[in-house]
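Since every read-out is calculated from the coordinates, none of them should be taken as a lab result. Everything quoted here is computed from the prediction, not taken from an experiment. Here the Cβ is made from the backbone with ideal geometry for all residues, glycine too, and neighbour counts use every protein chain on show.
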Amino acid sequence: MRTQLSINGTDYDLDLDPRTTLLDALRHHLKLTGSKKGCDHGQCGACTVLLNGRRVNACLTLLCMHDGDEIVTIEGLGEPGEMSALQEAFVSEDGYQCGYCTPGQICSATAMLEEAAQGWPSHVTGDLDAAAELSDAEISERMSGNLCRCSAYPNIVRAIRKAAEGTT
Ligand code: FES
Ligand code: FES
């Protein structure tokens, strides 16, 4: 089934089995292996990518559903020597151990900061009429779809807060 879409700013015209997930298309067919397969069940967030600017679990959506869409993966957010603020903050704050969850954490955090900037509340937001402050509790709640088996959570939260404050 033909699917035309943009991935990290490059246009692709893919003709794959309609059962192919977006994650398998990225990893196996395009060799964009930054996005990780942790559970393949929508449980861990390791496969998180940006779909038209919103975070999505790439293991839970089929490639053929994304004709005309724009996908950004961790490879599209930055690269050595030209990292995004979040990527730099994860390095400077030691926001990982094995690194397996890290691409998903950074993609998810990228969209999460935009959601917060647009005033989206979370489950722990107290005042729905005020701009949400990115406290540690807010960041943890908003990032709760991304698991880290190494439990690097304190440093992940600190890295995200640092990027949010623009102090990287
Ligand atoms: Fe997609 Fe775990 S691999 S959520
Ligand atoms: Fe190892 Fe998160 S750094 S799973």
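Of interest is the spacing of the C-alpha centroids, which for the range 1-25 and the range 132-161 amounts to 31 Å. Axis angle, to the nearest 10 degrees, between helix 102-117 and the longest C-alpha principal axis of the chain: 60 degrees.
Note on the chain: Rg/Rh from C-alpha atoms, Kirkwood Rh, equals 0.98.
A cut-off under 10 angstrom between Cβ atoms defines the neighbours of Arg2, and their net charge, with Lys, Arg +1 and Asp, Glu -1, is -3. The loop-placed trypsin sites (Lys or Arg not before Pro) in the range 1-75, going by DSSP, that have at most 14 neighbouring Cβ atoms within 10 Å of their Cβ come out as Arg19, Lys31.
Relative intensity of the range 98-150 on a log10 scale, I(q)/I(0) at q = 0.13 Å⁻¹, equals -0.32, per a Debye sum over C-alpha point scatterers of equal strength in the absence of solvent. Please name which of Cys39, Pro103, Val72 has its Cα lying farthest along the dipole of the chain towards the positive end, using unit charges on Cβ (Lys, Arg +1; Asp, Glu -1) and the Cα centre as origin. Value: Cys39. When each of Thr10, Thr102 is scored by the number of other beta-carbon atoms lying within 10 Å, the sequence from fewest to most is Thr10, Thr102. Counted residue by residue at 0.36 nm each, then reduced by the alpha carbon distance between them, the extension gain from Gln43 to Gln118 reaches 24.4 nm.
In a DSSP loop and with at most 15 other Cβ atoms within 10 Å, the trypsin sites (Lys or Arg not before Pro) in the range 86-168 are Arg149. Exposure proxy ranking for Leu5, Leu23, Leu147, based on other Cβ atoms within 10 angstrom of each Cβ and starting from the fewest, stands as Leu147, Leu5, Leu23. Taking the 0 to 90 degree range and rounding to the nearest ten, how far is the long axis of helix 153-164 tilted relative to the main principal axis of the chain, both from C-alpha atoms? Orientation of helix 153-164: about 90 degrees from the principal axis. Couplings for the range 23-38, taken from phi via the Karplus curve 6.51 cos²θ - 1.76 cosθ + 1.60 with θ = phi - 60°, read 4, 5, 4, 5, 6, 8, 9, 9, 6, 8, 8, x, 5, 9, 9, x Hz in order; Gly and Pro are left as x.
Between Thr33 and Ser135, the modelled labels are 4.3 nm apart [label points 7 Å from Cα along Cα→Cβ].
Per-residue ellipticity at 222 nm computed for the chain from its helices equals -8000 deg cm²/dmol, with DSSP H segments shorter than 4 residues left out and the rest contributing -39,500 (n - 2.57).
As a proxy for reagent exposure, ranking Cys107, Cys98 by other Cβ atoms within 10 Å from fewest up yields Cys98, Cys107. Under conditions of 37 °C and 0.692 mPa s, the range 1-47 yields 287 µm² s⁻¹ as its translational diffusion coefficient, taking Rh as the Kirkwood radius over Cα pairs in the Stokes-Einstein equation.
The Rg/Rh ratio of the range 1-98, with both radii computed over alpha carbons and Rh defined as the Kirkwood radius, is 0.98.
Basic side chains Lys and Arg get +1 at the Cβ, acidic Asp and Glu get -1 at the Cβ, and with that the dipole of the range 1-145 about its Cα centre reaches some 600 debye.
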